[in-house]
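Structure first, commentary second.
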Amino acid sequence: MSISESERHPFTEDPSHMPSASEVRGVRQDPIDIPDGKFNRGGMAFNGRVAEEFEKIVIPRQIPGYDEMRKVLLNVALHTAQKGGTFLDLGTSNGRMIRDFALARAQDGFDLGIDRFIGVDIEPDMLRVATDLFIEVEEEVAPRPFKFELMNHDLRRGLPLSVTPESLSIATSIYTIQFIAPEHRLRILTEIYEALKPGAPFIWAEKVLMRSQIIDDAMTAVYYEHKSRSGISDKDIAGKRASLEGNLMPGTHGSNMELLEAAGFKPRRIDTIWRNLQFEAIIAIK
């Protein structure tokens, strides 16, 4: 079956084609009213409409490649989690990470014996949305029930007391620790390391700074253009940038690696598994 000229992809079907700037940058999405989080209690408050629409329109339009990242992290989690024990998700928001893992385990044959899932978040509204979601999940995975625990907990106090040494089959933290003051991070990562079973992974996604200010400025410009093309107004972009100052405190890739090593992870067992502009995900195996 032949392919018409109109169906040919400009990048793959015609090597001589020189893409335009608009093709490189991607399709501009329609403007949309995206609810914004507010800052209080020394952290970001994702509540109200933000909690309700977080995974649908808030984060996918804010972070480039977000949906693809979720697929990559889920697949890596399924192939690296240790059998038995608990799945701990820090900053669980609406519980998507542990929900998707539980469904994949039930439906796709990844029987890892992980029947306890703990989602930790500081926002009650997020946990309320997660609770509703897990009711639906429990119906889909029956008669193979899972134990879902959602905890309203401030990670500046460390991990919840119910997380005991070498009890975790896997731990994840997706864009959470970057909102916690740097002086708390090593203690949190050390407690994660101690709570993991030997051979268990910690999957950690963060926004990072570039080592070079010139490169960081360039990546920031590309990132803001991505947000603009995702339908976010210039006014909202500027407002979000101002509100993040002093609350979002990213490190560099190198400083995050150093924290993981200081927490106990061996350098040869730490690596990057996904990256898009200033957003990256790392896996560290105990």
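The values are calculated or read from the model by the stated rules, or taken from the named source; none is laboratory data. In this text, all values refer to a predicted model and were calculated from it rather than measured experimentally. Positions of Cβ are backbone-derived with ideal geometry, glycine not excepted, and every protein chain shown enters the neighbour counts. Ligands, DNA and RNA are stripped out before the accessible areas are found, and what is left, the full protein with its side chains, is counted by its heavy atoms. Shrake-Rupley method; radii C 1.70, N 1.55, O 1.52, S 1.80 Å.
Output the qualifying pairs, or none if there are none: Cβ atoms under 7 angstrom, residues six or more apart or on different chains, first residue in region 115-136 and closer than 21 Å to Gln178 by Cβ and part of a loop (DSSP other than H, G, I, E, B), second residue of a type in the set (A, V, I, L, M, F, W, C) and open to solvent by less than 30 Å² (accessible area, probe 1.4 Å).
Partner pairs satisfying both residue conditions: Glu123/Ala45; Glu123/Ala51.
Suppose we filter region 153-171 for residues that are assigned to a strand (DSSP E or B) and either under 18 Å from Ala262 (Cα atoms) or out of contact with any strand residue (DSSP E or B) (no Cβ under 7 Å at 6 or more places or on another chain) (or both); how many remain?
Total satisfying the criteria: 1.
Hey, which of the strands (runs of 3 or more DSSP E) in region 28-103, taking only ones fully inside, have at least 3 residues that are under 22 Å from Val163 (Cβ atoms) and modelled with pLDDT of 90 or more? Lay out the reasoning, then the answer.
Details: elements: 38-40, 43-45, 86-90.
The strands (runs of 3 or more DSSP E) meeting that bar are 86-90.
Among residues belonging to region 247-261 that are closer than 22 Å to Thr80 by Cα and among the hydrophobic types (A, V, I, L, M, F, W, C), point out the one that is surrounded by the fewest Cβ atoms within 10 Å (Cβ to Cβ).
It comes out as Met257.
What pairs come out if I take residues in region 163-188 that are of a type in the set (Asp, Glu) and pair them with residues that are open to solvent by 20 Å² or more (accessible area, probe 1.4 Å) and at pLDDT 95 or above whose C-beta lies under 6 Å away, six or more apart or interchain?
Pairs that qualify, where the first residue is of a type in the set (Asp, Glu) and the partner is open to solvent by 20 Å² or more (accessible area, probe 1.4 Å) and at pLDDT 95 or above, are Glu166/Lys197.
Tell me which of these Tyr223 doesn't satisfy, since it passes every other one: (1) out of contact with any strand residue (DSSP E or B) (no Cβ under 9 Å at 6 or more places or on another chain); (2) part of a helix (DSSP H, G or I); (3) at pLDDT 70 or above.
Only one criterion is unmet by Tyr223, namely (1).
Which condition from (1) modelled with pLDDT of 95 or more; (2) within 14 Å of Ala205 (Cα to Cα); (3) small (Gly, Ala, Ser) is the one that Gly251 breaks?
Condition not satisfied by Gly251: (1).
In region 180-216, which residues are part of a helix (DSSP H, G or I) and within 19 Å of Gly84 (Cα to Cα)?
Scanning region 180-216 gives Ile192, Tyr193, Glu194, Ala195.
Anything in region 177-186 that is open to solvent by less than 50 Å² (accessible area, probe 1.4 Å) and under 19 Å from the mean Cα position of the chain (by Cα)? List them, or say none.
Once the filter is applied, which keeps residues that are open to solvent by less than 50 Å² (accessible area, probe 1.4 Å) and under 19 Å from the mean Cα position of the chain (by Cα), region 177-186 yields Ile177, Gln178, Phe179, Ile180, Ala181, Arg185.
Could you list, in sequence order, the residues of region 187-219 that are touching a Phe, Trp or Tyr at 6+ places or on another chain (Cβ under 7 Å) and either crowded, with 19+ Cβ neighbours inside 10 Å or under 22 Å from His79 (Cα atoms) (or both)?
Ile192, Tyr193, Leu196, Ala205, Glu206
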